[in-house]
1. Looking at the stretch B:16-37, I want the residues that are under 15 Å from residue B:65 (Cβ atoms) and have a partner that is assigned to a loop (DSSP other than H, G, I, E, B) with Cβ atoms under 6 Å, at least 6 apart or on another chain. Which pairs are those?
2. Among the residues of the stretch A:1-34 satisfying the criterion of being among the charged types (D, E, K, R) and not in a helix (DSSP H, G or I), which is nearest to residue B:138 (Cα to Cα)?
3. Please specify each residue of the stretch B:38-84 satisfying the condition of being at the interface with another protein chain (Cβ under 10 Å from one of its Cβ atoms) and in contact (Cβ under 8 Å) with a residue 60 or more places away in the chain.
4. If I ask for residues that are surrounded by 22 or more Cβ atoms within 10 Å (Cβ to Cβ) and within 7 Å of chain A (Cβ to nearest Cβ), which ones from the stretch B:162-180 would you list?
5. Could you grab me the full set of residues in the stretch A:35-55 that are assigned to a loop (DSSP other than H, G, I, E, B) and surrounded by fewer than 15 Cβ atoms within 10 Å (Cβ to Cβ)?
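Just so it is clear, none of the values below were taken in a lab; they were calculated from the coordinates. Because the structure is a prediction, the values reported are computed rather than measured. As a convention, Cβ positions derive from the backbone with ideal geometry for all residues, glycine included, and neighbour counts pool all protein chains shown.
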2 protein chains.
Amino acid sequence: MRIGELSRRSGVSVPTIKFYLREGLLPPGELTSPNQADYADGHLRRLRLVRALIDLAGLPVARVKEVLESLDAGDEALHHRIGAVHRALAPPRQPAESDDTRAEAQVRELIEKRGWAIEPDAPAIATLAETIAVLHTLGQGDLAADLDSYADAVERLAEREVAAVASRPDTDRIAESVVIGTILGERLITALRLLAQEHVSARLLGPASGDPRAE
Amino acid sequence: MRIGELSRRSGVSVPTIKFYLREGLLPPGELTSPNQADYADGHLRRLRLVRALIDLAGLPVARVKEVLESLDAGDEALHHRIGAVHRALAPPRQPAESDDTRAEAQVRELIEKRGWAIEPDAPAIATLAETIAVLHTLGQGDLAADLDSYADAVERLAEREVAAVASRPDTDRIAESVVIGTILGERLITALRLLAQEHVSARLLGPASGDPRAE
């Protein structure tokens, strides 16, 4: 398809598509004449992915580029590419304000106890340790006391998520699904969690007995 | 305590504390002389909360102010204050690019089926519907097919979270815990989910049989 059709089908303006091409977020089309290029369905898919990363995940263009580069490292073994994608998507760490050493030991103990195969330098370990340490600083350490319940929940969900993603027809689409599933799955969980909390709050803290909605 | 001690104990500089006071993020101290004020432990707690909202949740100052205002609406019933906090913390919606009507019906059906007591205009409903619609647009609708598993997981976690929060000594601290628990709990789940996915990916997609870490 020509760039005009790519724009219509994706809802992304031609100047924006040209910007993505210049920035390397979108691979060049196949030249059919000196100033005309042809784009395939893969371009449309990639364009939608770029928009999801920018609009929904709120990633800056530079980080989108990092994520796409790890996605495109086609010579790597699949689970290494997925690892690279996870690393690129990990929430950026804040400069540590509190002592995370104890919290980090707690996280490593959890990983060992559960028999999780995790690279020892996975950035999510530091993010998790820092989050636990901040909860303690804020006097809310009990909210992180039962890490095992959270780990149970996410492990069960990961089993389904990875199985769904593994059913994709080729490794490029698997890697793409990992990116989308990580980001949009997070958004899905966040929104559902707010709803569940609203419901449970109304039941436990609201005028429950008199409120017919509460049971 | 004087402003210098508040700064030392919180790790926030005096000029930043003065900025928060001017912006109304921190209530004024008690004047002990025309240009000297005394701050209490409540100020220290509030200051740590402000830092968590800015540094960890990445909220802009204007939204921090909204969250704090809903937190401080002391004349409201507790579960209404919590509702207001949830609304202020809901991820901002993107302008809809796709047709969310079907997805929204799916979300309302889920809520009804589970008997969740949710205000019909809760912003998380729209966020969730939009996320599902985008997953469909990106050809990854199957990742949202099993909403019930996600709902099971977050409902179980919400039971524990709300019970922990409800054990706080007064309503101000309950509301504060809701803010911190919502934001930091999300971060905790995100980080743990990345770890669980790394583990399950290595097992399902990696060179599993030869890798002793994989079981």
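1. From residues that are under 15 Å from residue B:65 (Cβ atoms), the pairs are B:20/B:26.
2. Restricting attention to the stretch A:1-34, the residues satisfying the condition of being among the charged types (D, E, K, R) are A:2, A:5, A:8-9, A:18, A:22-23, A:30.
Adding the requirement that they be not in a helix (DSSP H, G or I) leaves A:2, A:30.
Values: A:2: 21, A:30: 23 Å.
Here the answer is A:2.
3. Residues satisfying the conditions are B:45, B:49, B:52, B:56, B:78, B:81, B:82.
4. Matches in the stretch B:162-180: B:162, B:177, B:180.
5. Pass one, the stretch A:35-55, residues assigned to a loop (DSSP other than H, G, I, E, B): A:35, A:39-40.
Passing the criteria: A:35, A:40.
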